[in-house]
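The values are calculated or read from the model by the stated rules, or taken from the named source; none is laboratory data. Here the structure is a predicted model, which is why all the values come from computation and not from measurement. FYI the Cβ positions are ideal-geometry reconstructions off the backbone, even for glycines, and counts take in every protein chain you see. What goes into the accessible areas is simple: the full protein's heavy atoms, side chains included, and nothing from ligands, DNA or RNA. Shrake-Rupley method; radii C 1.70, N 1.55, O 1.52, S 1.80 Å.
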Amino acid sequence: MSVIYNPTDQTITLNTKNTSYQMKVGPLGYLVHTYYGPHIDTDASYCMVFRDRGFSPNPYDAKLDRTISPDTMPMEYPCDGSGDYRATAVSIKRPNGVVKCDFRYDGHSVVPGKYSLPGLPAVYVENEEAETLVVTLKDKYSDIEVILQYGIIPELDVITRTAKIQNNTEENIILNNAASGCIDMMSGEWDLVHFYGRHAGERAFGRTEIGQREILVGSRRGTSSHHENPFVILAERDTAEMHGACIGMSLLYSGAFSCNAGGDAFGGVRAVMGIQPEHFDYPLAPGESFQAPELALAYSADGFTKLSHIFHKLIANNICRGPWKNKRRPVLINNWEATQMNFDGEKILSIARKAADLGVEMMVLDDGWFGARNDDYAGLGDWVVNTEKLGCTMGELADQIRAMGMKFGIWIEPEMVNEDSDLFREHPEWAMRVPGTDPVIARNQLVLDYSRKDVVDYVFDQIAKVLDECKADYVKMDMNRPLSDMYTAVSDCQSRGKLQYEYVLGVYRFMEKLLERYPDLLFEGCSGGGGRFDAGMLYYSPQIWCSDNTDAIDRIRIQYGTSFGYPIRTMGAHVSAVPNYDTWRKTPLHTRAVVAMEGTFGYELDLNLISDEEKKEVPEQIETFKKYWNLLHNGLYYRLTDVMKNHQEAAWMMVAEDGSEALVNIVKLNTTGNCPNRYIRCAGLTPGATYINEATGDIYSANALMTIGIPMPRVMRPGTFWWSNAGEYDAFQIHLCRV
Ligand code: DGJ
């Protein structure tokens, strides 16, 4: 049993394999959070300090006891208006504008299995045991209820949570906040680790001391965004890869979100995470409810690596779905960087032909195949194949590509419309625009009103006709602008928060329909690269295009940041041409392949245009990927260098779970003449064992590899007779087998 209720002290303890999470019905029925950490089996509320704290007010029913204050207690789901002045999880406005609720424990139950959330992504279990805890809180003054659900999956060391706000009153109320969860730590010096960035520069590792202030990270863009990721870590000050306490929080949601992490006046730290509360004004009529998205939590006492391993397994096995989640994905070639929209059928076939020749397994036709889409000013919304441009139907193109022995896939961007499109001319009211104002424009496109079922269904039917025709094996679903102009033509209610939330539900509906109709489809998410790289999206697509930045050196940093919360098999990564279109950097083909293998692995260039020598390399790279695929995608992943600080070399490795083999990947970032010795310290090998370097036959002690490391490999340059330093951007893969 993973949920233990102790009626004597009224604690509810959620136990996973290595952790305990405890809440308790505290003074006056407040649900307090008493513990999250390594296993415990007693009441941890002795850690709560009750004192009369000036300016931390008391509930009226505390009477003369001035030590009870929601402002100083660690709260499980803190409420605005109750006298808690820290960031709260729920804020409700009554019809007269009053904000005052005070939620107290009303009861709980335990249900076998893990709950699911209709219309929203949620962690699921297949073979693992799980339990669901449901706790009901009730407002002291009204019939508004908060229903907290917790999913406990002991084997995975994961606890999920969500909250439903139920309006059982006779009044219309407005939800101004309804977070998914809150973590209140009573002590400790905590940092917030977050993953920030920009288009073509996603998920940089950022670490900020929380101290005595609130730190807000999140997105107001209607999508999870390139700019902050809905995965964050609370880490104790000395926590590093292999040691220290940390708590990961991953929100399964692809819309605007927020994480507020703050230190309070008495040494506690609180992190509230969920939908973006800024301008959230969700109306709830009598009988209606709001379901917050799911938040997945994990605690590691042994640093970031262990935490990443928990999230990697969770996402790979219990969030991603479908037949591809555990299968090797076909090595694909995508024409985007080779042609952009400037192609015809013959050009696509010539790219495909050479790719097939060199061993590539799938051709993906990117943007530009439909309507009047020859640049990004027109055509979005018109999902009708441009047969004139292709010189054939999509079915015929697919047949020709399949005749080369490859699978075939296409790109779509179903949420968008150009003003210059037949769809917009016919249905201008389907694009979100605020009447009487000019819409905010981005990439010259507008956003379709995905809060409307008729819009979602129409676009789906158009796209389905094309997918049926070409029997697509793969779809890349893109989304190339943030939301703005939140307005729907079908309702008087223009609540920005409600529309944004329902927009996201509409996107999820679209994707669910796609998966239902095409159960074997390989689905890749995308939003201008990695602008919607989140655990919610991964419930629908087992991989997401990681970034529009395909420069191998920049990608190392992007994939490094992404790897903290997401497994590498979810990261769309391709070898592209040099000089890179964005950075103008030149890296060897080998290096680009080593970096792309830290992802789904594919190509994004015209292979006709590479040198003959490089053409020989491509089939070898594909063979290498196939040989190591199991290790790359199912092995335990270790970050060996901190790429935010170490600008000399980057290294990462994958180790088979049983320690029998490992693949060490090293890229030299920067070099100098007569270079001092540098070592790459390995991790995760079987202590005390001996490993052999498969290529050289060199024998190493695992302990030495994990204590000193492997010396930075040297290189014999063509035409020389001596070993030289690894040069800038040289890459190495070292396969180690346990003897
Ligand atoms: C943005 C994507 O990230 C690119 O890979 C490409 O598909 C373009 N959109 C097409 O418009």
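Miscellaneous remarks
- Qualifying residue in region 174-181 (condition: at pLDDT 95 or above, over 26 Å from the mean Cα position of the chain (by Cα) and not in a strand (DSSP E or B)): no
- The set of residues in region 654-704 being aromatic (Phe, Trp, Tyr) and without any contact (Cβ under 8 Å) to a residue 40 or more places away in the chain consists of Tyr679, Tyr700.
- Residue in region 40-54 that is open to solvent by 60 Å² or more (accessible area, probe 1.4 Å) and in contact with an Asp or Glu (Cβ under 8 Å, 6 or more places away or on another chain) present: no
- Count - residues of region 536-546 that are under 17 Å from His227 (Cβ atoms) and either of a type in the set (Gly, Ala, Ser) or not in a strand (DSSP E or B) (or both): 3
To keep it simple, each residue is scored yes or no on (1) out of contact with any His (no Cβ under 9 Å at 6 or more places or on another chain); (2) modelled with pLDDT under 95; (3) in a loop (DSSP other than H, G, I, E, B).
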residue: Ile558; (1), (2), (3): yes, no, no
residue: Val595; (1), (2), (3): yes, no, no
residue: Glu598; (1), (2), (3): yes, no, yes
residue: Glu617; (1), (2), (3): no, no, no
residue: Leu631; (1), (2), (3): no, no, no
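- Among (1) hydrophobic (A, V, I, L, M, F, W, C); (2) farther than 24 Å from Val385 by Cα; (3) more than 16 Å from the ligand (Cβ to nearest atom) - the single one Ile544 does not satisfy: (3)
Okay, residues lined up against (1) open to solvent by 30 Å² or more (accessible area, probe 1.4 Å); (2) within 16 Å of the ligand (Cβ to nearest atom); (3) closer than 27 Å to Asp485 by Cα:
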| position | (1), (2), (3) |
| --- | --- |
| Leu390 | no, no, no |
| Ile410 | no, yes, no |
| Pro428 | yes, no, yes |
| Gly436 | yes, no, yes |
| Pro439 | yes, no, yes |
| Val456 | no, no, yes |
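- Number of positions in region 674-717 that are aromatic (Phe, Trp, Tyr) and either closer than 19 Å to Glu649 by Cβ or part of a loop (DSSP other than H, G, I, E, B) (or both): 2
- Tabulated pairs, region 80-105, first assigned by TED's automatic domain parsing to the domain that holds Asn172, second crowded, with 19+ Cβ neighbours inside 10 Å and aromatic (Phe, Trp, Tyr), C-beta under 7 angstrom, 6+ apart or interchain: Ala89/Tyr77; Val90/Tyr77; Phe103/Tyr77; Arg104/Tyr30
- Boolean, Gly255 is buried (at least 24 other Cβ atoms within 10 Å of the Cβ) and in contact with an Asp or Glu (Cβ under 7 Å, 6 or more places away or on another chain): no
- Exactly one residue out of Leu521, Leu538, Leu505, Leu515 is aliphatic (A, V, I, L, M), more than 16 Å from the ligand (Cβ to nearest atom) and either surrounded by 24 or more Cβ atoms within 10 Å (Cβ to Cβ) or not assigned by TED's automatic domain parsing to the domain that holds Asp449 (or both): that is Leu538.
- Residue match in region 73-82 (condition: under 30 Å from Met1 (Cβ atoms) and over 29 Å from the mean Cα position of the chain (by Cα)): yes
- Every test in (1) within 14 Å of the ligand (Cβ to nearest atom); (2) in a loop (DSSP other than H, G, I, E, B); (3) buried (at least 22 other Cβ atoms within 10 Å of the Cβ) is passed by Asn374 save one, and that test is (3).
- Contact annotation: residue pairs with Cβ atoms under 7 Å, 6 or more positions apart or on different chains, pairing a residue in region 467-489 that is open to solvent by 10 Å² or more (accessible area, probe 1.4 Å) and outside any loop (DSSP other than H, G, I, E, B) with a partner that is more than 16 Å from the ligand (Cβ to nearest atom) and small (Gly, Ala, Ser), are Glu469/Gly395.
- Residues of region 328-346 satisfying the condition of being open to solvent by 50 Å² or more (accessible area, probe 1.4 Å) and away from the ligand (no atom under 16 Å from the Cβ): Arg328, Asp344, Glu346
- For region 176-216, filtering for residues that are open to solvent by less than 10 Å² (accessible area, probe 1.4 Å), farther than 30 Å from Asn549 by Cα and among the small types (Gly, Ala, Ser) leaves 4.
- Any hit, region 352-361, residues being touching a residue at least 12 places away in the same chain (Cβ under 8 Å), within 16 Å of the ligand (Cβ to nearest atom) and open to solvent by less than 20 Å² (accessible area, probe 1.4 Å): no
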